[in-house]
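Coordinate-derived values only; no laboratory data. A quick note: this is a predicted structure, and the numbers were derived from the prediction, not measured.
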Amino acid sequence: MYVGHEDTDIVPTNYYDILAVYMVKHGMGEAATVINDTTKGWIGTVVDDMCDYTISDGTEVIVNEDGTEVSQTVLYVNVELKSYEDMISAYGLNEEQVKIAGQIKNDLMSN
């Protein structure tokens with residue numbers, strides 16, 4: 001379940017936000033567009049920082065077609081996706097980086 005989208009059919013994504021944060025954090029003056037073990041680690045860290053997961057379990061009653069009820073243990077995975085704005089203070093982005101991240105995200109969304 002995506003936190004903040006519980007009652008919708010929308011499958012949210014923060015892909016563009018992740019890419020924007022990654023590029024301003026690691027692409028300015030670095031070779032972030034080269035895929036190697038170092039850059040894979042960088043993008044993995046950004047993804048981990050921008051996608052929070054909480055896991056819990058519970059019991060739900062399932063009604064079968066014949067009307068009988070069965071208790072079933074269920075695993076709940078709640079996902080909270082962060083935007084690039086959420087990462088400004090977390091990563092200490094400066095004013096220029098914030099402006100560039102916003103521009104990158106807007107450019108990606110318009111294509």
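For the stretch 59-68, just list the computed ³J(HN,Hα) in residue order, Karplus coefficients 6.51, -1.76 and 1.60, θ = phi - 60°, integers in Hz, with x standing in for Gly and Pro.
Going residue by residue, I get 10, 10, 8, 9, 9, 6, 4, 7, x, 6 Hz, with x marking Gly and Pro.
Given [x] 0.99; [y] 1.46; [z] 0.93, which label gives Cα Rg over 2.2 N^0.38 Å as computed from the coordinates?
[y]
Given only helices, namely DSSP H runs of n ≥ 4 each adding -39500 (n - 2.57), what is the per-residue ellipticity at 222 nm of the chain, to the nearest 500 deg cm²/dmol? Walk me through the numbers on the way to the answer.
Details: 4 runs with 47 residues, N = 111.
Calculated at 222 nm, the ellipticity per residue is -13000 deg cm²/dmol.
Relative contact order for the chain: what percent, with Cα pairs under 8 Å and sequence separation of 6 or more?
Numbers: 117 pairs, mean separation 39.1, N = 111.
It comes to 35 percent, rounded to a whole number.
In whole Hz, what ³J(HN,Hα) sequence does the stretch 83-96 give by Karplus (6.51, -1.76, 1.60; θ = phi - 60°), x for Gly and Pro?
With the stated coefficients, the stretch 83-96 comes to 8, 5, 5, 5, 8, 4, 6, 4, 9, x, 5, 7, 4, 5 Hz.
Does anyone have the angle between helix 15-26 and the longest principal axis of the chain? Alpha-carbon axes, 0 to 90°, nearest 10?
It works out to around 40 degrees.
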